[in-house]
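Here the structure is laid out as structure tokens; the discussion comes afterwards.
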């Protein structure tokens, strides 16, 4: 149980185009999902908190108009990188929160490798 | 501020050796503590967790005990295998509301046959 998927697993795009990444909780409902960015050999950097049915909460320094987040249902959140540039190339990871047993636990997707040419 | 600190540098050891990765935290409250593992090219997998003081999380031969007196959550495994080679992240939640996680920098573990 507690499986989170991401699609696509990797994508290559041209500079100036937009890319959408999907994050799905496959066997549970998640009111809250998170989006992270990870640079090589570094830890995860939280980009935003995605809440079902409401606007995402962005971390300081993350451009909300560039990284559009939509949490349309309890099992799906999407991250759209608009007008992508080479500096947006990174590994993007989402997580979904499972509530139970007196605590909330985040389960992570396998990540999406974005390369912008 | 509230944070997680992991020991510096990669860890290289031989198969069947004992593994310890240190993790300490700074928090004003009582966070939940987690260890996540990341294999090359993949996302993070929850390895184990503990939600209150003196709790011991365990999974796949790994253990970690929530020590409030030393604010630590060190990860241990008695006999590592080559397949344990990965990056290990210590994390805590419950400090900022909305279940946000604070991560340590991670430790690369390389197990040599």
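Every number in this text was worked out from the coordinates using simple rules, so none of it is lab data. Quantities reported herein were computed from a predicted structural model and do not represent experimental measurements. Ideal geometry is used to build each Cβ from the backbone, glycine not excepted, and the neighbour counts take in all protein chains shown.
Details
- Global form of chain A, assessed from the alpha-carbon gyration tensor, a/c cut-off 1.5: prolate
- Sorted into 5 angstrom bins from 0, the C-alpha pair distances of segment B:21-66 split as 5, 20, 27, 24, 14, 7, 2 percent.
- Among A:113, A:24, the order by Cβ neighbours within 10 angstrom, fewest to most, reads A:113, A:24.
- Ascending count of other beta-carbon atoms within 10 Å, so fewest first, for A:35, A:10: A:10, A:35
- Part-to-part distance (alpha-carbon centres) for segment B:5-43 and segment A:9-31, which is given in Å: 28
- Value of D in µm² per second that Stokes-Einstein yields for the protein assembly as shown, Kirkwood Rh from Cα pairs, at 37 °C (0.692 mPa s): 180
- Efficiency of FRET from Cβ geometry, residue B:45 and residue A:99, R₀ 25 Å, rounded to 0.05: 0.85
- Gyration tensor verdict on segment B:30-113 (Cα atoms; rounded if a/c is under 1.5, prolate if a/b is larger than b/c, oblate otherwise): oblate
- Neighbouring Cβ atoms from other chains, within 10 Å of the Cβ of residues in B:38-50, number 5 on average.
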